[in-house]
Amino acid sequence: MAAYRGLAAFLPEGTRLADDPFGLRFSGRVGRAMERTATRFPRLAARALANEMILALQLRTRVLDDELLRFVAGGGRQVLLLGAGFDSRAARLGRELDGAVVFEVDHPATQAKKRRVLAGAGGAPVSYLSWDFERAPMTELPARLAALGHDAARPTLTLWEGVTMYLGPAAIEATTAAVRALSAPRSRFVFTYFDREGIEHPSPKHRVVRAVVARLGEPFRFGWDPAELPAWLAARGFALVSDRSDTALARDLFPPRVARRYRGGMRHIAVAEAGGATA
């Protein structure tokens, strides 16, 4: 995913929605080879890269960036990245995040590589919390973050990107409860998810994708029914602010000629806000 974000620099005009100058660093020699090839054959690269996966990632990155910038512009100063992976928002958006602190929660091995790759990149200050999502109880997350300086009395923006579809219901419940426990009123909870219909009854194309990710050890396991999401969140102390599919976002953000060709519909981005009391 990081390499795909980096390769967006070679996308056709109008489809480049977010720039990640650090993305290709995470794929080492393979990333450098892809960059050299794309630089040498820009037209071929532009055509090859304008596929659904990379375009969907452009939509996702742009929308989450916009939510983060809107939160900070409104005075928010705490950003939490759950399962941060090789996300480089703290480095990419360092100037805009001036005065904010970013907390990143992820597996220690992933964090170690990330810190090596981004050493010297600058940006907003990051507090790293090494976390084994398979073993560490999520009930401990608020206290562990508090030990790093997180203030649960102040609003937090939590980004949960590209994770929910790989988890089971119990992990979804536990993580949502932990986020609610550390979220003061007016905190935002932004997460990506798959429509349950696409999980249970995938199209032929998505069946192929599902088989590939399953062989890689990360099968698609969970999705929400968009119609049920508002009530589900309300029962857990959040109010749904917006829920947009990737096809709707494509219509809003891509040129009409690109949006007409875009075929998605299964991917969603939801924005929720914490209420005044824990449910």
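The values are calculated or read from the model by the stated rules, or taken from the named source; none is laboratory data. Source: prediction; values computed, not measured. As a convention, Cβ positions derive from the backbone with ideal geometry for all residues, glycine included, and neighbour counts pool all protein chains shown.
For the reader, a short list of remarks on this structure follows.
- The single condition from (1) surrounded by fewer than 21 Cβ atoms within 10 Å (Cβ to Cβ); (2) closer than 28 Å to M266 by Cβ; (3) touching a residue at least 24 places away in the same chain (Cβ under 8 Å) that L157 fails is (1).
Residue-wise test of (1) of a type in the set (A, V, I, L, M); (2) closer than 24 Å to I172 by Cβ; (3) in contact (Cβ under 8 Å) with a residue 12 or more places away in the chain; (4) not in a loop (DSSP other than H, G, I, E, B).
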| residue | (1), (2), (3), (4) |
| --- | --- |
| L59 | yes, yes, yes, yes |
| L69 | yes, no, yes, yes |
| K113 | no, no, yes, yes |
| G120 | no, no, no, no |
| G123 | no, no, yes, no |
| S127 | no, no, yes, yes |
| F133 | no, yes, yes, no |
| A153 | yes, no, yes, no |
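- Given (1) crowded, with 21+ Cβ neighbours inside 10 Å; (2) in contact with a strand residue (DSSP E or B) (Cβ under 7 Å, 6 or more places away or on another chain); (3) aliphatic (A, V, I, L, M), index of the condition L148 fails: (1)
- Qualifying residues in region 163-185 (those that are modelled with pLDDT under 95 and outside any helix (DSSP H, G or I)) - the one surrounded by the fewest Cβ atoms within 10 Å (Cβ to Cβ): G168
- Residue selected from region 88-114 under the condition under 18 Å from L145 (Cβ atoms) and either over 18 Å from the mean Cα position of the chain (by Cα) or among the acidic types (D, E) (or both), by the criterion surrounded by the fewest Cβ atoms within 10 Å (Cβ to Cβ): P108
- One residue stands out in region 67-87 among those that are charged (D, E, K, R) and closer than 26 Å to L24 by Cβ: the one that is surrounded by the fewest Cβ atoms within 10 Å (Cβ to Cβ), namely E67.
- Test: residue in region 260-279 that is surrounded by 13 or more Cβ atoms within 10 Å (Cβ to Cβ), in contact (Cβ under 8 Å) with a residue 40 or more places away in the chain and polar (S, T, N, Q): no
- In region 135-151, the qualifying residues are those that are without any contact (Cβ under 8 Å) to a residue 12 or more places away in the chain and in a loop (DSSP other than H, G, I, E, B), and the one that is farthest from R89 (Cα to Cα) is R135.
- Selection within region 2-18 - in a loop (DSSP other than H, G, I, E, B) and at negative phi: L11, P12, E13, T15, R16, L17, A18
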